[in-house]
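Okay, so here's the structure we're looking at.
Nothing in this text is a laboratory measurement; each read-out follows from the coordinates by a stated rule. Computed from a predicted model, the values in this text were never measured in an experiment. Positions of Cβ are generated from backbone atoms using ideal geometry, with glycine treated the same way; all protein chains shown enter the neighbour counts.
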Amino acid sequence: MIASNDRPKLGCISRYSMWLTLQKEVESEPEDFSKWTKLIDEIEQQVAQNTNEISSSHDVKKVIHYDFDRLLGRYPFLSQVWKQYVTIEYTLSGLESSAKVLERAVKAFPQSLDLWLDYININITNKLLPADGIRSLFQKALKLVGRQFMAHPIWDLYIEWEEQNSGHNSNEYLNIYLQIIWIPLYEYARYFEAFTDLRSHFTIRDLIPENTSNTVLSNVLDQLKINGTNWDELDDEKLQTLIDTYFKAIFARTQKGTNERWKYESAITRLQFEPKPVSDEDFKCWADYLDFEEKNGDIEQIICLYERCLITECQYQSVWMRYIRFLIQNTTNEDKVLQCFNNAINRFLLKTDLKIRYMFSKYYELKLHDTEKAENILLEVVKQNPAEYEPVGRIFRLIYRHANDKDIIIKDALACVMNIHLDMTKKDNISNPRKKRRVDASVTEIKSAKLANLTHILNFKNCSQLVVEVGKIYWLDRHSIKETREVLIKFFNFRIMRSSEPYWLFFVKFEMCEGNTHNLTNIVNYIKFYSEMSITVTNTILSEYNSYMLKNGTTEQISNISRELIRNTLECDMESSTAMKHFLKARLDRDLNEKAVNKRLISENGHPSGVAEARPLISNQIDYELGISELGTAPIPRFSQVERANATVRFAHQDE
């Protein structure tokens, strides 16, 4: 992506009104791909119509570069846009600049067969590289795209170039065919036919070097009862039989692999990237294809298929995770794994795709043994997702696992929550002086540098996860029920805990597991009236409480709380009316006054929150006490105090 300080001034394109308009539309809605398409098409049109004028303006060309770089930074797999960029660059700045854009294109989109063909062609046609450089370019491209099912254009180009450069009977030319006959390509038969004609010009040592080692050759040698690969020991007839049998076996293997893959290749309907969801049919087909390849293909073939799959499914977290998991389990290329993680996280996936970020952190911790980078990844996740609880729990557990003094980490975690609570209380006292809360404690210094770093990015919502994590340590690791309960009760009445789903779910689960029905009832009663969690979570807790008490409560206990159990059931019933949801209505009022809420709901007439006082009045209202015959035709309503319609709406939760 382009840095903000590289943003060009748009005054230079003011004379191109449509271009400027589309620029502003893209600025306002950068996620709308249709606007990007219109902008690129407009640039293309303006360049075609005003080539000389635009090519002489450095500022206008800078705007063009800025637009293309922004779009391709966001969507690097748009091969057609890269081609448009190259064409425009060639028109405005010539061959050298367009070649540099193509070089950038194959780096940004290395799985693109079309872009590699264009890049190699521009180097061959214009002799930008020597022969060794061209050959190296072909080999690099073939390593990336040469195993794609429809990769025959680049193999054809390589064969044609090598024939012109080295000759039809050269070993370089032969080596291309010795590679290609193993690969299940769409046009495999054509290559085998050409290879059959070619091989008669070469010796067995050219065709099957004595250091060759593969399963096919081993089977053929066993079949022909030949020991070893010392070809000097074989007569001409035996050598010819070996050559024919060996390459027939390779042909049969490649033919079988091609036919098996055609089932999947023919079913996939979209092979190019588009910024829209992949169809369910294509998604399933790719998954089945990957399953097949992982069972039957070699490592290079499997990696190639994953790379192809990611062209269309690069915005799917599950596909990236599956690919990375495969690389970790089947290769030792750590650089490739890190590259995949970085591409997925920094280029393609949303900030809310957390699972792959957790996986990235685990990879650094467990595989590379770099806890500092693992922590930094999780810190970034916490910053980017301030309303999520799980990232806070994960980074705390990471810090705790690698801490020398674990007790200090626990104390600092609780101190962190306490400090945030004190800060929130002070702010509430300033904003609402009529209901000041007493502040007895003072801010505690955090001794752990790592937890201090975490404290700076926590907020009143996600900090509660630290209490849960400490509770889990006391309960599950240290098996101390007393300390667990003390920690949970310590923060029971804190305002910042009212909206914490992990805290209340853990507290309820803890008391259920320990069988303390007295504490459990008190917790549930508090949740019913003071909870600021979602209705769904609150009702889930009430349902679980009812189920638990009916299964585990004594007859006397159930008898004492039977009324509350019924009210809980009505509270959770999706079909029960609002009139029956007593606890919900109580939570809607600051003073837990259900009657006040009932009154408000009546006045709002089904439109919650908005107070309906400031509205125009109808001065000639219909008298509905009259009979229908007495009413006659209803008059057109006349309004008074019409200016009230423009008054700012005051909501019920706002102060008077």
Kirkwood radius from Cα pairs of the range 50-203 plugged into Stokes-Einstein at 25 °C, 0.890 mPa s, gives D in µm²/s equal to 143
Here, trypsin sites (Lys or Arg not before Pro) of the range 1-92 satisfying both criteria (DSSP loop; at most 10 other Cβ within 10 Å) are LYS9
With x for Gly and Pro, the residue-by-residue ³J(HN,Hα) of the range 272-284, computed from phi through the Karplus equation 6.51 cos²θ - 1.76 cosθ + 1.60 at θ = phi - 60° and given in whole Hz, is 10, 5, 9, x, 8, x, 7, 5, 4, 5, 5, 4, 5
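Relative contact order, percent, of the chain when contacts are C-alpha pairs under 8 Å separated by at least 6 residues? Spell out each step's value before the answer.
Values: 578 pairs, mean separation 35.3, N = 656.
Taking the mean separation of contacting Cα pairs over the length of the chain, I get 5 percent.
I'd like the Kirkwood hydrodynamic radius of the range 140-253, using the inverse of the mean 1/r over distinct C-alpha pairs, in Å. List each step's numbers first, then the result.
Values: mean 1/r = 0.0664 Å⁻¹.
With all distinct Cα pairs of the range 140-253 included, I get 15.1 Å.
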Karplus-derived 3J(HN,Hα) from phi for the range 491-507 (6.51 cos²θ - 1.76 cosθ + 1.60, θ = phi - 60°), whole Hz, x at Gly and Pro, runs 9, 4, 9, 5, 4, 5, 8, 4, 9, 8, 5, x, 4, 6, 5, 5, 4
Per residue, the convex hull enclosing the Cα atoms of the range 201-325 spans a volume in Å³ of 138
Using alpha carbon centers only, the range 460-493 is separated from the range 499-515 by a whole-angstrom value of 10
Taking only the alpha-carbon positions of the range 1-133 as identical scatterers, the Debye log10 I(q)/I(0) at q = 0.16 Å⁻¹ comes out as -0.83
For the range 33-87, whose charge dipole is built from +1 on Lys and Arg Cβ atoms and -1 on Asp and Glu Cβ atoms, the candidate among TYR75, GLN45, VAL63 with its Cα farthest towards the positive end is TYR75
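Which pairs in the list LYS427/LYS461; LYS61/LYS100; LYS24/LYS107 are over 19 Å apart, alpha-carbon to alpha-carbon?
On the way: LYS427/LYS461 15 Å; LYS61/LYS100 15 Å; LYS24/LYS107 30 Å.
Table pairs above 19 Å Cα-Cα are LYS24/LYS107.
Figure the gain on full extension for LEU550 and LYS406 (residue separation times 0.36 nm, minus the Cα-Cα span) and round it to one decimal in nm.
Numbers: separation 144, 0.36 × 144 = 51.84 nm, distance 4.03 nm.
Extra length available between LEU550 and LYS406 comes to 47.8 nm.
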Checked the range 447-522 against the a/c 1.5 cut and the a/b vs b/c comparison, axes a ≥ b ≥ c from its Cα gyration tensor; verdict oblate
With +1 at each Lys and Arg Cβ and -1 at each Asp and Glu Cβ, the charge dipole magnitude of the chain around its Cα centre, to the nearest 20 debye, comes out at 3100
Given a Förster distance of 25 Å, the FRET efficiency implied by the Cβ-Cβ spacing of LEU128 and ASP69, rounded to the nearest 0.05, works out to 0.65
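Can you tell me the equivalent ellipsoid semi-axes for the range 200-251? Use √(5λ) from the Cα gyration tensor, largest first, whole Å.
Values: eigenvalues 41, 33, 25 Å².
Largest first, the range 200-251 gives 14, 13, 11 Å.
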When the charge dipole of the range 198-311 is computed with +1 at the Cβ of Lys and Arg and -1 at the Cβ of Asp and Glu, the Cα pointing farthest to the positive end, of PRO277, PHE292, THR254, is that of PRO277
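Out of every Cα-Cα pair in the range 334-429, what percent are more than 17 Å apart? Don't jump to the answer; show the numbers that get you there.
Working: 2624 of 4560 pairs.
Pairs farther apart than 17 Å: 58 percent.
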Set LYS276/LYS362; LYS373/LYS411; LYS38/LYS276, cut-off 22 Å on Cα-Cα distance; pairs above it are LYS276/LYS362; LYS373/LYS411
Sorting SER577, SER166, CYS12 by the position of each Cα along the dipole of the chain (Lys, Arg +1; Asp, Glu -1; all at Cβ), the one nearest the positive end of that ordering is SER577
Using the Kirkwood formula on alpha carbons, the hydrodynamic radius of the chain in angstrom works out to 32.3
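Helix-only mean residue ellipticity at 222 nm, the chain, DSSP H runs n ≥ 4 weighted -39,500 (n - 2.57), per residue, nearest 500. What is it?
Result for the chain, helices only: -20000 deg cm²/dmol.
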Which residues qualify? For PHE639, with a placed amide H closer than 5 Å and at least 5 residues away or on another chain, they are SER619
Scalar couplings 3J(HN,Hα) for the range 360-374 by Karplus 6.51 cos²θ - 1.76 cosθ + 1.60 (θ = phi - 60°), nearest whole Hz, x for Gly and Pro, are 4, 4, 5, 4, 5, 6, 8, 8, 9, 6, 10, 5, 5, 5, 4
The answer for the per residue Cα convex hull volume of the range 375-423, in Å³, is 76
dims of the range 109-174, Cα set, principal axes, largest to smallest, nearest Å -> 32, 25, 15
With label points set 7 Å from each Cα along the Cα-to-Cβ direction at LEU422 and ARG495, the distance between them in nm comes to 1.6
So, with points 7 Å from each Cα along the Cβ direction, the ARG563-SER480 label distance in nm works out to 4.1
Taking a crude spin-label model, label points 7 Å out from Cα along the C-beta direction, the SER34 to ASP280 distance in nm is 2.5
